[in-house]
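Here's the structure we're looking at; comments come further down.
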Amino acid sequence: MRLAATALAAALAAWAPAARAEGPPNIVFIDICSARADRFGSYGYGKGVTPRMDAFAREGAVFENAMAQSSWCLPNFATLFTGQPPEVHGLYSLAFRKLPEAQITLAQRLKEAGYDTAAYSGGTWLLPQLGLDKGFDHYVNTLTTAAKLTSLAERKPAMLAWIDGRGKHPFFLYVSIEDIHYPYLPEFQYSLVSELDPAEVSLESEASSVPLLREGGGVPSGGGSPAPIPPRTAPRSGPIPEKEAKYDAALSKADRQVGLFLDDLKARGLWDNTVVIITGDHGDSLGEHGILGHMEGLYQSTIHVPLLLRHPRVPGPGGRRVSELIERVDLAPTVLDIAGAPYADLELPGRSLLSLLRGPATPWREYAFASSKHSTEPAADLILDQRVVRDKRWKLHWYLQKGRFELYDLAADPREEFDLSARRPEVVSRLAFELLKNLELSRPHAAGPSSGKTPARPARLLPTPPAD
């Protein structure tokens, strides 16, 4: 018995230093602009467009109901880097604003936890002028002076050189991929002023008089408020076959490039100590509801995004499928949890996804929310305000320009073709209440913490007690 106990103690002593020396894992975050979940094989698409990322999904976890926080890039990027919804971080305007100086970022907190940090991107809404570079040791945006988006393949040599040239600290690497951005071509010039060709766009009548829509991100297309339109019960316009084919081709190219990059991590011996997260900042509409692109509309084609996570130290079967409702605000606390970095003081509204992986029975949210808000000038009133709330079955849309709700049964109608708002008023009432409550809880009511807690008053401002 004594010999067995001695042997066990020796084994534990030998194991403990190794476990401590392992340290925090590296974290690679791959953010694919315009990635629709329903075009991934791991989400049921049968055309074999994403074989490399589907293989990755079989090693990790697939979050089936992940939602973008907004329909377009900037608010989603800022939500990832701050952990806050657009109403709090404030970056939801097409006019160039800058992240508030007081806002603590994900990269800053990771840096404090001992991580080397780097970001490589190639799009307009990650330019350093926006302030999203706070906390990064290296922040590289390769958008050219000709406004040409750069591909992952063009940026990969610099990314690998950064990985190879680091010291012994764990690293956080953020990578945005613009390869499948509209118009879904291998090489194209990107213009913020004319993102879409008006001749290619089929307008939905309810939105056709709203400024700042289909004609391109920033060019008003009219004004005024249309009269309320009765709910539709017939199917809406579906995807355009030519756009679908181009989108699939662009996504296939991005899939190959992601696969090659993951191969590079494995070749460097990093795979068993690196957490990889693959997601989309938003999706893209291919003609559904008369919409192309993503500058407006909060239908599933635009806000249902892939979310794949592989953590080599979290036990469990590969290919695990998680059905809980996930918002983008959950990603910052997830990354901080992976890194072992404290974040309770940041008052983040999201929750770490690791709790779902460690304990599948973990209580989770009943409702998830997204919004899209635009204005052309920093001081201008919003001219586009759209919001949705969903539970695991129903999804309610509220668009300022339409003057009514839309309700869809996602279980029976995942493409949101049949509006049931007139038939199910009790569901509309329940979800509308949750939508309003979320709006009130998420928007800042005064300067200070997002929780609304009243800061302690400085002693010098307290009234002087009366003399005895």
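Within the stretch 55-88, the residues that satisfy the criterion of being open to solvent by 20 Å² or more (accessible area, probe 1.4 Å) and in a helix (DSSP H, G or I) are A55, E87, V88.
Against the conditions (1) of a type in the set (A, V, I, L, M); (2) at pLDDT 95 or above; (3) part of a loop (DSSP other than H, G, I, E, B); (4) touching a His at 6+ places or on another chain (Cβ under 9 Å), A341 satisfies every one except (4). Only one entry in T233, T274 is open to solvent by less than 20 Å² (accessible area, probe 1.4 Å), among the β-branched types (V, I, T) and either at pLDDT 90 or above or at negative phi (or both), namely T274. Within the stretch 41-54, the set of residues being more than 14 Å from I277 (Cα to Cα) and crowded, with 23+ Cβ neighbours inside 10 Å comprises just one member, T50.
Counting just the residues of the stretch 396-417 that are among the charged types (D, E, K, R) and in contact (Cβ under 8 Å) with a residue 60 or more places away in the chain, which one comes out nearest to P239 (Cα to Cα)? Looking at the filtered set, the residue picked out is R415. With respect to (1) in contact with a Ser or Thr (Cβ under 8 Å, 6 or more places away or on another chain); (2) on the phi < 0 side of the Ramachandran plot; (3) part of a loop (DSSP other than H, G, I, E, B); (4) not aliphatic (A, V, I, L, M), the lone exception for G297 is condition (2).
Between L126, L99, L106, the distinction of being touching a residue at least 12 places away in the same chain (Cβ under 8 Å) and within 17 Å of D330 (Cβ to Cβ) belongs to L106 only. All of (1) in a loop (DSSP other than H, G, I, E, B); (2) under 22 Å from R155 (Cα atoms) hold for A107 with one exception: (1).
Given the structure, is E101 out of contact with any helix residue (DSSP H, G or I) (no Cβ under 9 Å at 6 or more places or on another chain), over 21 Å from R415 (Cβ atoms) and modelled with pLDDT under 95? Yes, satisfied.
Suppose we filter the stretch 123-143 for residues that are under 22 Å from V258 (Cα atoms) and open to solvent by 30 Å² or more (accessible area, probe 1.4 Å); how many remain? Number satisfying all stated conditions: 6. All conditions in (1) under 24 Å from Y182 (Cα atoms); (2) in contact with a helix residue (DSSP H, G or I) (Cβ under 9 Å, 6 or more places away or on another chain); (3) open to solvent by 20 Å² or more (accessible area, probe 1.4 Å) hold for L91, with the sole exception of (3). Residues in the stretch 382-414 that are modelled with pLDDT under 95, basic (K, R) and not in a strand (DSSP E or B): K402, R404. If only residues of the stretch 261-285 that are in a strand (DSSP E or B), over 16 Å from the mean Cα position of the chain (by Cα) and in contact (Cβ under 8 Å) with a residue 60 or more places away in the chain are counted, the one that is farthest from F40 (Cα to Cα) is T274. For the stretch 319-338, a residue qualifies if it is surrounded by 19 or more Cβ atoms within 10 Å (Cβ to Cβ) and either without any contact (Cβ under 8 Å) to a residue 24 or more places away in the chain or part of a helix (DSSP H, G or I) (or both), and the qualifying residues are R328, V329, D330, L331, A332, P333, T334, V335, L336, I338.
Taken over the stretch 238-260, the criterion of being assigned to a loop (DSSP other than H, G, I, E, B) and not hydrophobic (A, V, I, L, M, F, W, C) is satisfied by G238, P239.
Restricting the stretch 298-317 to residues that are out of contact with any strand residue (DSSP E or B) (no Cβ under 6 Å at 6 or more places or on another chain) and touching a residue at least 12 places away in the same chain (Cβ under 8 Å) leaves a set whose member that is surrounded by the most Cβ atoms within 10 Å (Cβ to Cβ) is H304. Scanning the stretch 353-365 for residues that are of a type outside the set (G, A, S) and either in contact (Cβ under 8 Å) with a residue 40 or more places away in the chain or open to solvent by less than 50 Å² (accessible area, probe 1.4 Å) (or both) returns L353, L354, L356, L357, R358, T362, W364, R365.
Could you go through the stretch 425-436 and let me know if any residue there is among the hydrophobic types (A, V, I, L, M, F, W, C), assigned to a loop (DSSP other than H, G, I, E, B) and at pLDDT below 95.
No, the stretch 425-436 contains no residue that is among the hydrophobic types (A, V, I, L, M, F, W, C), assigned to a loop (DSSP other than H, G, I, E, B) and at pLDDT below 95.
The values are calculated or read from the model by the stated rules, or taken from the named source; none is laboratory data. In this text the structure is predicted, and so the values were computed from the model without any measurement. Methodologically, a virtual Cβ is constructed for each residue, glycine included, from the backbone with ideal geometry; neighbour enumeration extends over all protein chains shown. These accessible areas exclude ligands, DNA and RNA; they are computed on the full protein's heavy atoms, side chains included. Shrake-Rupley method; radii C 1.70, N 1.55, O 1.52, S 1.80 Å.
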